[in-house]
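Participant: This is the structure I want to talk about, given as structure tokens.
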Amino acid sequence: MANVFDTLMERGFIEQTTHEDEIRELLGKESVTFYIGFDPTADSLHVGHFLQIMVMAHMQKAGHRPIFLIGGGTSMVGDPSGKTDMRKMLTQEQIEYNGECFKKQVSNMLDFSEGKAIMINNADWLMDLKYIPFLREVGQHFSVNRMLTAECYKNRMEKGLSFLEFNYMIMQSYDFLELYRKYDCKLQMGGNDQWSNIISGVDLIRRIEGGSAYGMTFKILTTSEGKKMGKTEKGAVWLDAEKTSPYDFYQYWRNVNDTDVEKCLSLLTFLPMEEVRKLGALEGAKINKAKEVLAFEVTKLVHGEEEAKKAEKAAKALFGQGALNDNIPFTEIPRDEFKDGMDILTLLEKIDIISSRSEGRRLIKQNGISIDDEKVKDFNMVIREEDFKDDKLMIRRGKKVYHQVRLV
């Protein structure tokens, strides 16, 4: 079997490592327990997390043991990495609920059965720490001057960095030490924005335990323009089907830029690299075939094959101007609300296809809103019950966002 380090390198995941040759050798000769931490500040993972789940899946397929660490303790402090403000505090109940949601969302890709992947909450050890013993055992190994040179703190110095957040690096480093002691966890992985925190954990284990520990970061998922992937007009692209429907999820990947297709196929699917390169080399209109493969494969991993097929069918029906499909996102509105008519801007707000009336006016002015394939020209247009065909109305924003309104 190929060394998983080579697989991750070939597919473009790896950004930085603490000890490249040692990590590669370790992954090639034994089953390694590794961990990635996830911040449970929402009840769903999003596209930004998906790349990290893919890394865990590749590692597990190669015989290594993932620890999916829920940051129940660290999230009560807040990670300053990449943030400009302190984030809100969550209750322990909210954190536990969010962690259960995460487990459900990744169950298609990670095996949590006996002896396989483990999900742990760092609140189990962080919440009961005794302050003075913790400072004496762990705090003495951290240089304040060195910590202030880390990117995660430098970015916050001008706006103000709370003492609470200043503890984050020490707490994350302690997580690695605790997992090393309890589970023989030798490798911490994460996005490249976690590099400072990861190397601090590696250093702490070597100082306190004299043991071998390693760190690896992978690329942040960005577009060819350098923007983070997973953002739309509606907000984040979530893995939870209730927050982002399988159809909208499929459409997001179906509509990525041509230049991002090969990278996404490499990072976000398990297709062999030979096929990835072949699809990525397609040009002109043929690249749409590669986008359809990408959309189907990623949707299948997150939502299952049946939902992926439904989304694909719905997208093709719309693209070919075929019959309306039940898998297209829809909103049901009581018939009575159209008795005296509803103006177009109110309707667009109601179905959450615009964020404000001013945005709706701008889109209408730019011919960006259509009803049943007819461009809306008038901000004051009124929709009445008789405008519905078979109690349905199809609204399109731009070329890609469809939403059906149904009378009930």
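The values are calculated or read from the model by the stated rules, or taken from the named source; none is laboratory data. The structure displayed is predicted, hence computed values, not measured ones. Every residue, glycine among them, receives a Cβ derived from its backbone with ideal geometry; neighbour counts consider all protein chains shown.
Participant: Could you identify the single residue in Ile328, Ile395, Ile344 that is closer than 23 Å to Tyr247 by Cα and at pLDDT 85 or above?
Facilitator: Selected residue: Ile395, the only one of Ile328, Ile395, Ile344 that is closer than 23 Å to Tyr247 by Cα and at pLDDT 85 or above.
Participant: Another question, then. Could you please find all residues in region 342-383 being in contact with a helix residue (DSSP H, G or I) (Cβ under 6 Å, 6 or more places away or on another chain) and not in a loop (DSSP other than H, G, I, E, B)?
Facilitator: Of everything in region 342-383, those that are in contact with a helix residue (DSSP H, G or I) (Cβ under 6 Å, 6 or more places away or on another chain) and not in a loop (DSSP other than H, G, I, E, B) turn out to be Leu345, Leu348, Arg357, Gly360, Ile369, Ile383.
Participant: Does Ile344 satisfy the criteria of being crowded, with 17+ Cβ neighbours inside 10 Å, in contact with a Leu (Cβ under 6 Å, 6 or more places away or on another chain) and not assigned by TED's automatic domain parsing to the domain that holds Pro246?
Facilitator: In short, no.
Participant: Between Thr269, Thr299, which is touching a Pro at 6+ places or on another chain (Cβ under 8 Å), of a type in the set (Ser, Thr, Tyr) and closer than 23 Å to Val106 by Cα?
Facilitator: On the way: Thr269 fails: touching a Pro at 6+ places or on another chain (Cβ under 8 Å).
Within the list Thr269, Thr299, the selection yields Thr299.
Participant: Starting from region 290-314, keep only residues that are aromatic (Phe, Trp, Tyr), then list their pairs with residues that are part of a helix (DSSP H, G or I) whose Cβ atoms are within a distance under 6 Å, requiring at least 6 positions of separation or different chains.
Facilitator: Phe296/Ala308; Phe296/Glu312
Participant: Any chance region 105-122 includes a residue that's surrounded by 17 or more Cβ atoms within 10 Å (Cβ to Cβ), in contact (Cβ under 8 Å) with a residue 60 or more places away in the chain, part of a helix (DSSP H, G or I) and assigned by TED's automatic domain parsing to the domain that holds Asn197?
Facilitator: Checked region 105-122: at least one residue is surrounded by 17 or more Cβ atoms within 10 Å (Cβ to Cβ), in contact (Cβ under 8 Å) with a residue 60 or more places away in the chain, part of a helix (DSSP H, G or I) and assigned by TED's automatic domain parsing to the domain that holds Asn197.
Participant: Kindly indicate the residue of region 279-304 that is of a type in the set (D, E, K, R) and modelled with pLDDT of 95 or more and also surrounded by the fewest Cβ atoms within 10 Å (Cβ to Cβ) among those meeting that condition.
Facilitator: Initially, region 279-304 is screened for residues of a type in the set (D, E, K, R), giving 283, 286, 289, 291-292, 297, 300.
From the residues that got through so far, the ones that are modelled with pLDDT of 95 or more too are 297, 300.
Values: Glu297: 18, Lys300: 20.
Restricting to residues being of a type in the set (D, E, K, R) and modelled with pLDDT of 95 or more, the top hit is Glu297.
Participant: Something else now. Which one is modelled with the lowest pLDDT, of the residues in region 173-224 that are out of contact with any strand residue (DSSP E or B) (no Cβ under 6 Å at 6 or more places or on another chain), assigned to a helix (DSSP H, G or I) and hydroxyl-bearing (Ser, Thr, Tyr)?
Facilitator: Ranking the qualifying residues of region 173-224, first place goes to Ser196.
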